[in-house]
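Following: one structure in structure tokens, then a few remarks.
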Amino acid sequence: SNKSLKTLYLIGSALIYLKGPKFLIYVSGALSMWGDLMWHFAISVFLIGLYGHNLLLTGIFGLVVAGSVLLLGALIGDWVDRNPRNKVAHASLFIQNISVTVCSIVLMLVFSYKKWIEEIWDGWLTVVCYTVVIVLADVANLASTALTIAIQRDWIVVITGYNRGHLAGMNATMRRIDQVTNILAPLAVGQIMTLASNVVGCGFILGWNLVSLIVEFIFLSRVYRIVPALSVKPPAMEHQSYLEKKRERKRSQEERTSLHLQEISRIPVCLHRLRGLLSTCLEGWRAYYRQPVFLAGLGLAFLYTTVLGFDCITTGYAYTQGISGSLLSILMGVSAVAGLLGTVLFTKLRKACGLVNTGVISSVLHLVCLLLCLCAVFAPGSPMDLSMHGYPLRGGSNQPLLPDRSSIHWTNNTVLFENAPAGTEPESYVSIILLFLGVITARVGLWSFDLTVTQLLQETICESERGVVNGVHSSMNYLMDLLHFIMVISAPQPQHFGILVIISILFIFTGHTMYFLYARKVKRKPLSFNKTVDCICSPFI
């Protein structure tokens, strides 16, 4: 009887958990991440296929995405702050999925009738199609940014009841889901596109987004209903945000001078609205700057200016050093495991050492592992050449960092290669081994540090301006990521990759130094700092 009672208790507990807000958020987040990663992988392949195996459209798309979030991040966050949580989540979800769906339909038509479309309007209809695809994909990314800010930076804070331990657990679980989907989602859609066609791949993404839209809408609606705190936002006067105070002062000034402006001003209404939007952006950046956790957030953003990650830049360099695609795929799997270990390390360290000290330990671990990458620059087999002219490669002096796209096997959001061509093997593999050993092991400290700063932002930002500050933080991340692409464009040859590694480590060191300064400030003035935090942020227990 005791066993049956225990079994019934376990079944009841499991059913309660499956119907609870945490599980619903996890499933909704997994569906959203899976769709996002499939789409980001596929759109890069589609754009290359559309433009004749040329990277121009992909480069333009990356620039548009980074630039739009950089310019509109504060406005997106402000919109999240000013509207009810359910409306923000539903609107972001709807815009994101519908944009991807319409974009997929356009791509299917372009791939199916490409020759016919190229003959209309002397080829200008093709340009229109390219523009529509890029604009829709960018709108989807902006909506995805808003949804991420709303759910992962606000909803889960409320769902955990402002409990630091529960919040750390949810953050770590969401990151683990992200790590797993980061491997499986691009691989799944890549196989479909390889075995079938781009049109079938578009159709699969279209169907996925429609199903995901319905499921996520239902799950998020249920979470909103069963967590009453989500329907309550802080009283305007009690937790008034920095932006709201600025708006009130400006509103009172405008009321006093409105009649005067109507008489002497002929400026169109749209220009007044544009000025208001620019003012909101400026005030958002000021709100970000005045946060106690500003240095920690800025330090995390600096970590985005790096070539030491598993993107097409690093894998392209590995290809020039004789590393095959099959080996790269294995290394990526090991890298994902290291990222998962980072989430486990975060939860263990936070319980044992506290949140701020967890960031310090993670920073040191990250920097120590990256020393292997620095050693790789000067190790045997490194093609490092400090002159910007470089040595000619065996394939020719004008050989680019990435080879011809016809030899590419697409998988897992990176460019992998089936077989490295003969003649590209270096004299020694010591350098490339040290490089990837450093990149993989560094991910343990990197993800632990990322989770630390994420939770610091969640805990210390006032609830009424949580959206705008995280929106500006997203803008900073995109800005620093944009710098890393500018670095690559400035020094694209494999023999210059060592210079990029050194610059990347300098940016990462600067970012961690900012965090150390933040941690020092917290430890030197704990009482006054905590009083400041208590005055501006939601009550954590």
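The values are calculated or read from the model by the stated rules, or taken from the named source; none is laboratory data. Nothing here was measured: the structure is a model prediction, and the numbers come from that model. Virtual Cβ from ideal backbone geometry, glycine too; neighbours counted across all protein chains shown. Remember, those area values only see protein heavy atoms, side chains included, never the ligands or the DNA or RNA. Shrake-Rupley method; radii C 1.70, N 1.55, O 1.52, S 1.80 Å.
Can you tell me which residues in region 149-174 are modelled with pLDDT under 90, of a type in the set (Ser, Thr, Tyr) and under 17 Å from SER28 (Cα atoms)?
THR160, the sole residue that qualifies.
Got at least one residue in region 302-316 being touching a Lys or Arg at 6+ places or on another chain (Cβ under 8 Å), assigned by the TED database to the domain that holds SER464 and not aliphatic (A, V, I, L, M)? Even if it seems obvious, please write down each step before you answer.
Let us first name the residues in region 302-316 that are touching a Lys or Arg at 6+ places or on another chain (Cβ under 8 Å), namely none.
The answer is no; no qualifying residue exists.
Identify all residues within region 316-371 that are crowded, with 18+ Cβ neighbours inside 10 Å, in a loop (DSSP other than H, G, I, E, B) and out of contact with any Pro (no Cβ under 6 Å at 6 or more places or on another chain); write none if there are none.
Within region 316-371, just ILE323 meets the criteria.
Search region 212-235 for residues that are on the phi < 0 side of the Ramachandran plot and pair each with any residue that is among the small types (Gly, Ala, Ser) and in a helix (DSSP H, G or I) when their beta-carbon atoms are under 6 Å apart and the residues are at least 6 apart or on different chains.
SER212/GLY35; GLU216/SER28; PHE219/SER28; LEU220/SER28; LEU220/ALA89; PRO234/SER464
Out of the residues in region 33-53 that are open to solvent by less than 20 Å² (accessible area, probe 1.4 Å) and under 13 Å from ALA140 (Cβ atoms), which is modelled with the highest pLDDT?
Filtering first and then ranking leaves GLY35.
Do we find that VAL127 is over 28 Å from GLU459 (Cα atoms) and either open to solvent by less than 60 Å² (accessible area, probe 1.4 Å) or not assigned by the TED database to the domain that holds PHE217 (or both) in this structure?
Judged against the criteria, VAL127 is not a match.
Looking at LEU75, is it surrounded by fewer than 16 Cβ atoms within 10 Å (Cβ to Cβ) and aliphatic (A, V, I, L, M)? Even if it seems obvious, please write down each step before you answer.
Values: surrounded by fewer than 16 Cβ atoms within 10 Å (Cβ to Cβ): no; aliphatic (A, V, I, L, M): yes.
It is false that LEU75 is surrounded by fewer than 16 Cβ atoms within 10 Å (Cβ to Cβ) and aliphatic (A, V, I, L, M).
Taking into account only those residues within region 1-23 that are of a type in the set (Gly, Ala, Ser) and out of contact with any helix residue (DSSP H, G or I) (no Cβ under 8 Å at 6 or more places or on another chain), which is surrounded by the fewest Cβ atoms within 10 Å (Cβ to Cβ)? Show your work before the answer.
So in region 1-23, the residues of a type in the set (Gly, Ala, Ser) come out as 1, 4, 12-14, 20.
Remaining after also requiring out of contact with any helix residue (DSSP H, G or I) (no Cβ under 8 Å at 6 or more places or on another chain): 1, 4, 12-14.
Numbers: SER1: 5, SER4: 8, GLY12: 10, SER13: 10, ALA14: 11.
Across region 1-23, the extreme among qualifying residues is SER1.
One line per residue, one yes/no per condition, for (1) open to solvent by less than 30 Å² (accessible area, probe 1.4 Å); (2) farther than 16 Å from TYR515 by Cα:
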{"residue": "GLN455", "(1), (2)": "yes, no"}
{"residue": "ARG466", "(1), (2)": "yes, yes"}
{"residue": "VAL469", "(1), (2)": "yes, yes"}
{"residue": "LEU482", "(1), (2)": "no, yes"}
{"residue": "ILE486", "(1), (2)": "no, yes"}
{"residue": "SER490", "(1), (2)": "no, yes"}
{"residue": "PRO494", "(1), (2)": "yes, yes"}
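Does ILE489 satisfy the condition of being free of Cβ contacts under 8 Å to residues at least 12 places away in the same chain, of a type outside the set (Phe, Trp, Tyr) and part of a helix (DSSP H, G or I)? Explain how you work it out, then say what you get.
Details: free of Cβ contacts under 8 Å to residues at least 12 places away in the same chain: yes; of a type outside the set (Phe, Trp, Tyr): yes; part of a helix (DSSP H, G or I): yes.
Considered against the rule, which asks whether it is free of Cβ contacts under 8 Å to residues at least 12 places away in the same chain, of a type outside the set (Phe, Trp, Tyr) and part of a helix (DSSP H, G or I), ILE489 comes out as yes.
For THR532, state whether it is polar (S, T, N, Q), modelled with pLDDT of 90 or more and in a helix (DSSP H, G or I). Explain how you work it out, then say what you get.
Numbers: polar (S, T, N, Q): yes; modelled with pLDDT of 90 or more: no; in a helix (DSSP H, G or I): yes.
Answer is no for this residue.
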